[in-house]
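Trainee: Here's a structure for you.
The values are calculated or read from the model by the stated rules, or taken from the named source; none is laboratory data. On a predicted model such as this, the values are computed, not experimentally measured, just so you know. We place every Cβ from the backbone using ideal geometry, glycine too, and count neighbours over all the protein chains shown.
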């Protein structure tokens, strides 16, 4: 019985909101946004200057999505380090 309970209650895979999931999802969102914009933009018929500005905006959004994903991974790793350092030998009295 404990084997069945352990089998059904044990977590398999990464946390849903962990950096190992958020980072690739945000990278994929940024890349998809850029390529969808590239493919859809000519059908709008913009001038050359408008097209260049739109592509620069799409590139900035793609880079921002990737940067936020990287930032989530860095924050999660730093939180993991601080949890390891906060062992019983490093705690101050009264906490």
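Trainee: Being touching a helix residue (DSSP H, G or I) at 6+ places or on another chain (Cβ under 9 Å), in a helix (DSSP H, G or I) and loosely packed, with under 15 Cβ neighbours inside 10 Å: is that true of residue 67 here?
Mentor: yes
Trainee: Which residue pairs have Cβ atoms closer than 7 Å, lie 6 or more positions apart in sequence or on different chains, and pair a first residue in segment 14-29 that is over 15 Å from residue 71 (Cβ atoms) with a second residue that is at pLDDT 80 or above and loosely packed, with under 12 Cβ neighbours inside 10 Å?
Mentor: none
Trainee: Something else now. Considering segment 25-56 alone, what residues qualify as being in a helix (DSSP H, G or I) and loosely packed, with under 12 Cβ neighbours inside 10 Å?
Mentor: Hits for segment 25-56 are 36, 39, 40, 42, 43, 44, 48, 49, 52, 56.
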